[in-house]
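Here the structure comes first, spelled out in structure tokens, and everything after it is commentary.
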Amino acid sequence: MRTKLTSPILVLLIVTLLVTFFVKPINAPTITITKTVVITGHVYDGTLYGNSTSYATAHDAASGTFYDEIQVGQQIWSGQYWVYRGFLYFDTTSIPDNATIDEAKISIEIEDDLSDTDFNITIQNGQPTYPSTPLTETDYNKNYYSGNGGQLDTSTIGLPGRYNITLTETGWINKQGMTKLCLRSDRDINDETPTGDEFVIIFHSESSSPPKIYITYTVSGDRYIFFGPYYEDGTACSTPVTVHIYSETQNPYTFTLDGDTETIDWVEPVT
């Protein structure tokens, strides 16, 4: 039984006997499902940095240099100022279009904290245009990013490890494509000249500890109840059958139908 028709589902039976099953319709309200998904960062992530003997030049540059590892912050080293801006990408197309996002957390693994001066790692947004897909040198431009979608104070970082930043701006999550976020130091945002080292190194997507995003959402779904198996003439079949269900948007679901009912709660986008 399903309570609401949203999109077709293909049901494939792998059986050794000619059998059928029935989905018995009954009246029932649409169900609401709350689900948490974990999405690993995309390989487009990385760092763009600017450097110059002038802090203003490094800070305000229209383009930067790409670096695979993710770094966030600033420093003065060997007579030059360095400004590091990190970028995260997550493929969030698996979130249904009609879902309400209840909570989102960015999880990053700090490889090293090189902060003589502590700062706030700050999530900023430049979507839908920035950063580009994939990341390009001109995505360094500070004018492309704004807002404060959540922060991590580096004074709270002890040993290297995994830390979470609550994404307070859940509207920045793109349900129909790539979610793209910029990580900046609040001292970079406030145009404060560094006097030493004030940056962190974060493991990137191709490392053993990639960035992740945890998204909890609520969505309306469908409930299916399967009965059987039965022969074509309607008599019960004593041989169990394996049922595979495929959908346009959900992962395949497999179960054995052996005379008991099977209930499946299935989430489909409403279009």
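Of the residues that make up region 114-135, is at least one in contact with a Lys or Arg (Cβ under 7 Å, 6 or more places away or on another chain), aliphatic (A, V, I, L, M) and at pLDDT 95 or above?
No, because not a single residue in region 114-135 is in contact with a Lys or Arg (Cβ under 7 Å, 6 or more places away or on another chain), aliphatic (A, V, I, L, M) and at pLDDT 95 or above.
Would you confirm whether any residue within region 178-186 is under 20 Å from the mean Cα position of the chain (by Cα) and over 16 Å from Ile70 (Cα atoms)?
Step one: of region 178-186, the residues under 20 Å from the mean Cα position of the chain (by Cα) are 178-184.
So of that shortlist, the ones also over 16 Å from Ile70 (Cα atoms) come out as 178-179.
Checking region 178-186: at least one residue is under 20 Å from the mean Cα position of the chain (by Cα) and over 16 Å from Ile70 (Cα atoms).
With respect to Asn125, is the statement that it is more than 13 Å from the chain's Cα centre (by Cα) and assigned to a strand (DSSP E or B) true? Give the derivation first.
Values: more than 13 Å from the chain's Cα centre (by Cα): yes; assigned to a strand (DSSP E or B): yes.
Yes; evaluated as a whole, the condition is true for this residue.
What tally of residues in region 178-206 results from selecting those that are part of a loop (DSSP other than H, G, I, E, B), under 19 Å from Asp116 (Cα atoms) and small (Gly, Ala, Ser)?
Step one: list which residues in region 178-206 are part of a loop (DSSP other than H, G, I, E, B), which gives 190-196, 203-206.
The next check asks that each one be under 19 Å from Asp116 (Cα atoms); those that pass are 190-196.
So of that shortlist, the ones also small (Gly, Ala, Ser) come out as 196.
Number satisfying all stated conditions: 1.
Could you tell me which of the residues Asn120, Asn143 is within 18 Å of Thr47 (Cα to Cα) and without any contact (Cβ under 8 Å) to a residue 12 or more places away in the chain? Even if it seems obvious, please write down each step before you answer.
Values: Asn120 fails: without any contact (Cβ under 8 Å) to a residue 12 or more places away in the chain.
None of the others qualify; the one that does is Asn143.
Got a sec? Which of Val200, Val219 is crowded, with 18+ Cβ neighbours inside 10 Å, out of contact with any Phe, Trp or Tyr (no Cβ under 7 Å at 6 or more places or on another chain) and over 20 Å from Tyr84 (Cβ atoms)?
Details: Val200 fails: over 20 Å from Tyr84 (Cβ atoms).
So the residue among Val200, Val219 that is crowded, with 18+ Cβ neighbours inside 10 Å, out of contact with any Phe, Trp or Tyr (no Cβ under 7 Å at 6 or more places or on another chain) and over 20 Å from Tyr84 (Cβ atoms) is Val219.
Here are some residues: Ser155, Ser132. Which one is in a loop (DSSP other than H, G, I, E, B) and either touching a residue at least 12 places away in the same chain (Cβ under 8 Å) or under 21 Å from the mean Cα position of the chain (by Cα) (or both)? Give the steps one after another, and end with the answer.
Details: Ser155 fails: in a loop (DSSP other than H, G, I, E, B).
None of the others qualify; the one that does is Ser132.
Which strands (runs of 3 or more DSSP E) does region 57-121 wholly contain that include 2 or more residues that are within 27 Å of the chain's Cα centre (by Cα) and surrounded by fewer than 21 Cβ atoms within 10 Å (Cβ to Cβ)? Even if it seems obvious, please write down each step before you answer.
Working: elements: 65-67, 70-77, 80-91, 100-115.
In region 57-121, the matching strands (runs of 3 or more DSSP E) lie at 65-67, 100-115.
Quick one: is Thr193 of a type in the set (Ser, Thr, Tyr), under 14 Å from the mean Cα position of the chain (by Cα) and more than 17 Å from Ile70 (Cα to Cα)?
Numbers: of a type in the set (Ser, Thr, Tyr): yes; under 14 Å from the mean Cα position of the chain (by Cα): no; more than 17 Å from Ile70 (Cα to Cα): yes.
No: the conditions fail for Thr193.
The values are calculated or read from the model by the stated rules, or taken from the named source; none is laboratory data. What you see is a predicted model; the values in this text were computed from it and never measured. Every residue, glycine as well, gets a Cβ built from its backbone with ideal geometry; the counts of neighbours run over all protein chains shown.
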